[in-house]
1. Would you mind getting me the FRET efficiency between A:Val121 and B:Leu389? Use the beta-carbon distance for r and R0 = 30 Å, nearest 0.05.
2. Would you mind getting me the FRET efficiency between A:Tyr41 and B:Thr462? Use the beta-carbon distance for r and R0 = 22 Å, nearest 0.05.
3. Would you kindly derive the ³J(HN,Hα) couplings of segment B:132-140 from the backbone phi angles with the Karplus curve 6.51 cos²θ - 1.76 cosθ + 1.60 (θ = phi - 60°), listing them in order in whole Hz, with x for Gly and Pro?
4. Given a cut-off of under 8 Å on Cα pairs at least six residues apart, what relative contact order in percent is computed for chain B?
5. Would you kindly compute the Cα radius of gyration of the protein assembly as shown and its largest Cα-Cα separation (Dmax), both in Å?
6. Add +1 for every Lys or Arg and -1 for every Asp or Glu among the other residues with Cβ under 15 Å from the Cβ of A:Lys145, and state the total.
7. Structure shown: which of B:Lys223/B:Lys243; B:Lys101/B:Lys223; B:Lys163/B:Lys406; B:Lys101/B:Lys288; A:Lys4/B:Lys309 lie over 27 Å apart, alpha-carbon to alpha-carbon?
8. Around B:Thr54, which amide H atoms from residues at least 5 apart in sequence, or from another chain, sit under 5 Å from its own amide H, with H modelled in the peptide plane?
Amino acid sequence: MSRKKADLIFSILILAIAVWMVWEARDWGFRARLFPWAIGYPAIGLALLQLGFAIRHALAPAPQPETQRAAVARPGAPRPDELEAIQRGPDAAVVEAAVESAFGPGSEAAEEEEELPPELVRRRVIQMTAWILAFAVGVVLLGFKVSSALTTFAFLRFGAHETWKTTFWLALGTYLFFFLVFDYSLSIPLPAGWVAESLGLQSFDSYLTDPVIRLITRR
Amino acid sequence: MFEASLNGLISVFTWPTFPLMMIGVLIGFIIGILPGISAPTTLALMLPFTFHMTPVEAFAFLLGMLSVSIMFGDVTSILFGVPGEPLAAAVVLDGHPMAKKGETGRALGAALMSSLVGAAIGAFILAASIPIIRPIVLAFASPEFFGLALLGIAFVAALSGGKMTKGVLMGAVGLMLSMIGLDPQSGTQRYTFGQLELWDGIGLIPVTVGMFGVGELVDLWVKQKSISERRLGKIGGLWQGCKDTFIYWGVTVRCSLLGTFLGIIPGLGGSVGQWVSYAHAVQSAEDKGGFGKGDVRGVLGPGAAMNAKEGGNLITTVAFGVPSSVSMAILLGAFLIQGLVPGPSMLTTRVELTLSFVWVIIVSHVISVALCFLLINQMVRITEIRSSLILPGIVFLVLFGGFSEKNSIFDMGITLVAGFAGMIMIHLDWPRPPLILGLVLGKLIENNLFISYSRYEFGFFTRPVLLVIIAIGIALVVAPLVQERLARRLGVKEKLVVAEEG
């Protein structure tokens, strides 16, 4: 799906949400619906305006690339509104030359920021999204502490292809961080996870950590 | 005032405020130096840690982190020509050429010392402005605060980049999200779908952490590299840069003042300020030939201005609840988490806390400069860390951030939904900060609207100050549309003239 179409759909979605929120409030008492309507009606107006822009944008032909803007479209380079501030300011030529030399084509920033192929970018976005979901499922099933060690281990070894040594120490470090900071120091009740709860267990790791803590605190 | 200021200073050095500020400084240093993670994201990720803190501790931790991250964003700008923070981009122009000329230490010394001077001047102006602003704030009532909060959202929408309509609309969506839950006036269930978890409303932290955290996680994975793949030589000569700050004291002080005043004006204090201050450094110099090739004044100007602007930013945030940058919008969330309401109380009963902000900014900068002198060669090794190594830790901070506000897995789900919505918004160029600010300010706006209506009915819209605020808000929304239309018309005319001449 093209970006223009996606933008159009997103605009329609926002309009639909605004309309639904105003409609939903129709039966509430005055106190409860005052704010939803005070915000909802202007929001519908704005959403319609935005929808108009999105439709016009979707119907318009693709614009020609702007060479001047493209010249400084590097990481850290000024945005268009910042460029305008530079161009309006005094000694604009000196500042523009400095910006061009730092961020323009042929600069070190331009050389360092190689353009990634869109297919690779898409693949990596999907990969990371899947990993984030996997981390979340890990938390639901095994709780924060155990999953922090296991999913960190899985990600570093099989996702990032780190060495066994680095993977082991970082996974252990992540577990210890959760255990020492949140569980032991701040006493935040971390969930044991769906699996442990289904088996009627307190948590998987407490059978290992509790005796160690008892041993240390006794001494 | 003097006594309150002294108490504010003492409160910064008490246990456990000082160690917490030091932890904040350390985190600020790391994120400042790592380009993948921005200061607003880290602020959002650190919000859950402040639940157990008192207001002084929480702000020492958060503000210490924020001010130092801006300061250390300059380090990678100078060393590699890659800004560690978006606000450190202008330092690249002369800082990196200086490093290439073999003056790395001098450039770093100038950036750090000018940051310290700038931060101190900005903080001092924050303190000095309190007696001036207090009578103005005290003269405001609920209708004015209702208008100011809406104006704040319009300002953040304006500074978020992209189209103004999208920004304001996102602010409205944030306000709509704040309506979810039991209505504070009558107890009616609003948009809860009968879910018990939604009765308390949608938490600020799950949405903020998701919106800012998930997008940057994906971005880190897409880029997959560390900033520095080369070993750096030993860095020396920091003293010369420090001396330069005082040799060119005029540039440092003027840019600090410029940064502070731009920081007060919402929408300007952000990234535009660094370019304006760089332009000022160029304009005020007699010999302009060295700029862009490694002139130390090109480092001093933006370095001072960007750190001075925090003081200016805090003036409007603390006094009116109108944040002038994205970080301040998130910091405003921390106010609400701590049960603080920006406005009159922050300048009267809570003035010691406000003055402790001043000291946190100054003390954290002094400590950072001192640390830098001792450990700069070890510190820059952080730039060699691969992004994949820090990713799992950040994923867990994001997930835990969502969980921690109410200890609820349901909220962790909200974090994920907000995160993926945030990714779509980044892709389609819809700004996220106004949505967060709408969510932060929603309850406050509704409360002020209700009080205003109860007291004056709709007659409160005729109050002169509110009318001025509304006029500014409308101008802010309409001006870019008119400007764009005019520019298009002029553009068409110019093309016609060129065609005719051709």
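Each value in this text was obtained by applying a stated rule to the coordinates, not by laboratory testing. Computed from a predicted structure; not experimentally measured. For neighbour counting, all protein chains shown are included, and Cβ atoms are generated from backbone atoms with ideal geometry for every residue, glycine included.
1. Values: r = 21 Å, r/R0 = 0.71.
It comes out at approximately 0.90.
2. Values: r = 20 Å, r/R0 = 0.91.
The value I calculate is 0.65.
3. After applying 6.51 cos²θ - 1.76 cosθ + 1.60, I find 6, 6, 3, x, 5, 5, 5, 7, 7 Hz.
4. On the way: 939 pairs, mean separation 138.9, N = 502.
It comes to 28 percent, rounded to a whole number.
5. Both quantities, over Cα of the protein assembly as shown: 25.6, 93 Å.
6. Here the charged neighbours net out to -4.
7. Working: B:Lys223/B:Lys243 38 Å; B:Lys101/B:Lys223 29 Å; B:Lys163/B:Lys406 35 Å; B:Lys101/B:Lys288 18 Å; A:Lys4/B:Lys309 37 Å.
Pairs exceeding the cut-off: B:Lys223/B:Lys243; B:Lys101/B:Lys223; B:Lys163/B:Lys406; A:Lys4/B:Lys309.
8. When sequence neighbours closer than 5 places are left aside, there are no close amide H contacts.
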